[in-house]
1. Evaluate the stretch 28-50: report whether one residue or more is among the polar types (S, T, N, Q) and in contact with a Leu (Cβ under 7 Å, 6 or more places away or on another chain).
2. Looking at the stretch 4-16, can you tell me whether even one residue there is in a loop (DSSP other than H, G, I, E, B) and of a type in the set (D, E)?
3. Among what's in the stretch 43-59 and is touching a strand residue (DSSP E or B) at 6+ places or on another chain (Cβ under 9 Å) and small (G, A, S), pick the residue that is modelled with the lowest pLDDT.
4. Test each condition in (1) crowded, with 20+ Cβ neighbours inside 10 Å; (2) more than 13 Å from the chain's Cα centre (by Cα); (3) closer than 19 Å to P2 by Cβ; (4) not small (G, A, S) for M70 and report the one that comes out false.
5. Would it be correct to say that I16 is touching a helix residue (DSSP H, G or I) at 6+ places or on another chain (Cβ under 9 Å), touching a residue at least 24 places away in the same chain (Cβ under 8 Å) and over 17 Å from M105 (Cβ atoms)?
6. Kindly list, by first and then second residue, each pair from a residue in the stretch 26-51 that is over 13 Å from R74 (Cα atoms) to a residue that is part of a loop (DSSP other than H, G, I, E, B) and among the hydroxyl-bearing types (S, T, Y), limited to pairs with Cβ atoms under 9 Å and residues at least 6 apart or on different chains.
7. Taking the stretch 17-44 only, how many residues are of a type in the set (D, E, K, R), outside any loop (DSSP other than H, G, I, E, B) and more than 18 Å from L83 (Cβ to Cβ)?
8. Looking at the structure I just gave you, is Q17 among the polar types (S, T, N, Q) and within 13 Å of the chain's Cα centre (by Cα)?
Amino acid sequence: MPTIVFISHDQQRHEIQADIGDNLMQLAMDNGVPGIDADCGGSCACGTCHVYVQQNQQSLVAPDDMETSMISMRPDAEDSSRLSCQLAVNADMDGLELLVPEFQM
């Protein structure tokens, strides 16, 4: 069972045990991680589940064109930016750290 770590903008760590296949956005919502708004409910239409991947980026599938397009609209986008709604937990994600920005746009 992989552990996913969400780190809020004030450096609070939220370590969550995940099941393989869990959606990262839903995992954050179900566990009360602050800063994940998920306004569109996970349909990759708003970008309010934005996170910065801190390590283990190689464990993630590459973003598709829709996710890349949504991220490109964020003025705070970085190379490590991902939408958590587009990521499903896999065994290689154990210890994955995701920084949640202070504001979702």
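The values are calculated or read from the model by the stated rules, or taken from the named source; none is laboratory data. Note that this is a predicted model, so its numbers are computed, not measured. Note that each Cβ is placed from the backbone with ideal geometry, even for glycine, and that neighbours are counted across all protein chains shown.
1. No, because not a single residue in the stretch 28-50 is among the polar types (S, T, N, Q) and in contact with a Leu (Cβ under 7 Å, 6 or more places away or on another chain).
2. Scanning the stretch 4-16 turns up at least one residue that is in a loop (DSSP other than H, G, I, E, B) and of a type in the set (D, E).
3. Across the stretch 43-59, the extreme among qualifying residues is S59.
4. (3)
5. Against the criterion (touching a helix residue (DSSP H, G or I) at 6+ places or on another chain (Cβ under 9 Å), touching a residue at least 24 places away in the same chain (Cβ under 8 Å) and over 17 Å from M105 (Cβ atoms)), I16 does not qualify.
6. Pairs found: V33/S8; P34/S8; G35/S8; I36/T48; D37/T48; A38/T48; D39/T48; C40/T48.
7. Here is the first cut: in the stretch 17-44, the residues of a type in the set (D, E, K, R) are 19, 22, 30, 37, 39.
Okay, now just the ones that are also outside any loop (DSSP other than H, G, I, E, B), so 30.
Now drop any that are not more than 18 Å from L83 (Cβ to Cβ), which leaves none.
Of the residues in that region, 0 qualify.
8. No; evaluated as a whole, the condition is false for this residue.
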